[in-house]
Amino acid sequence: MTKQTEIKPVLRLGTRKSPLAMAQAREVRARLCVAHGWEESQVELVPVLASGDKVQDRPLAEIGGKALWTKELDLWLAEGTIDASVHSMKDVETIRPDALEIAAILPRADKRDRLIGAAGIAELPQGAVVGTSAPRRAAQLLHARPDCKVVSFRGNVATRMAKLAAGEAQATFLASAGLERLGENGVGHGLDVQEWLPAPAQGAIGVEILGSDGAIKELIGAINDQNSATEVFAERSLLLALGGNCHSPIAALCESDGETIAMRAALFSPDGAERVDAALRFACEDSEGPARLARALLDKATPGIAAHFSGAP
């Protein structure tokens, strides 16, 4: 009997251990296998328990911000433990270590938030208690419905759904893309992006590598979706120009046709009482477009908004 030859991994993909993160890593693996004709076993998934998953009783902004999702994977990349890491791009801090590079953005999924517990923002009961730890969602809700009360909700999808079922809140928000990747398409009600702007880079999966590794860059680059990458990098450039942080309530939406980008964004005061909006269309290759939109927003910003953006004049 011939002994079966073990197929060694070609790539080691680092990922957080949460069910959604693992689902995203499996999607990256599947796309790599199709692109390169590999067997599934040739892409090894290497999970890590991220700091952001360990502490779930406080808002992320209070315990270190978005870096808590990435720092363990960043260390593994630097050490050579993994060849690439998989991220939900809306959770990746705007300024990244110089040695790292986003080598691919997968085709972007549904950008919308879903409201769980009511058919829409207007349908929330008077004085409804809504669970969220995202400053954008809290401020956008309180701007539309100042009668509502926001309570802190952190944890993965299952944890937040359990908190809702336990009566800790009457409603909550989840990203539509994440629910779809978990096979939960029927949960909640999608909020129209023209009325309820999503987070920058929402719905996008990114793959990060050491920028100096040309061979890995070529392998990962095969699954890059250029249109999605154009949108995501424009939204991240907007964040950089605004000088926002985890406490800064910002909502943004990019729609690209391959030649131009239509970008809309809104800034809020944390209590939702104040809001400014701006929109701009610019060519995809115009790297200064997001900064011009940022200046337009900051020029309109009230003191209650400007205080939360270091890009404010």
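The values are calculated or read from the model by the stated rules, or taken from the named source; none is laboratory data. Source: prediction; values computed, not measured. Cβ coordinates were reconstructed from backbone atoms using ideal geometry, including for glycine residues, and neighbour counts include every protein chain displayed.
Numerical summary
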{"item": "Some residue of the range 153-161 being outside the structural domain of L20 (by TED's automatic domain parsing), surrounded by 21 or more Cβ atoms within 10 Å (Cβ to Cβ) and of a type outside the set (F, W, Y)", "result": "yes"}
{"item": "Scope the range 240-278; condition among the aliphatic types (A, V, I, L, M), within 22 Å of L142 (Cα to Cα) and surrounded by fewer than 17 Cβ atoms within 10 Å (Cβ to Cβ); matching residues", "result": "A273"}
{"item": "Complete set of residues in the range 177-233 that are closer than 25 Å to P290 by Cβ and of a type in the set (V, I, T)", "result": "V193, I205, V207, I209, I220, I223, T230, V232"}
{"item": "Residue in the range 29-50 that is under 19 Å from G155 (Cα atoms) and not in a strand (DSSP E or B) present", "result": "yes"}
{"item": "Scope the range 75-101; condition buried (at least 21 other Cβ atoms within 10 Å of the Cβ) and part of a strand (DSSP E or B); matching residues", "result": "A84, S85, V86, H87, S88"}
{"item": "Sole residue being without any contact (Cβ under 8 Å) to a residue 40 or more places away in the chain and small (G, A, S), chosen from S256, S228", "result": "S256"}
{"item": "Residues of the range 290-305 satisfying the condition of being surrounded by fewer than 20 Cβ atoms within 10 Å (Cβ to Cβ) and not β-branched (V, I, T)", "result": "A291, R292, R295, A296, D299, K300, P303, G304"}
{"item": "Residue list for the range 7-38, restricted to those being more than 23 Å from A109 (Cβ to Cβ) and modelled with pLDDT under 95", "result": "I7, K8, P9, V10"}
{"item": "Listing of helices (runs of 4 or more DSSP H) fully contained in the range 221-313 that carry 3 or more residues being of a type in the set (D, E, K, R)", "result": "226-242, 289-300"}
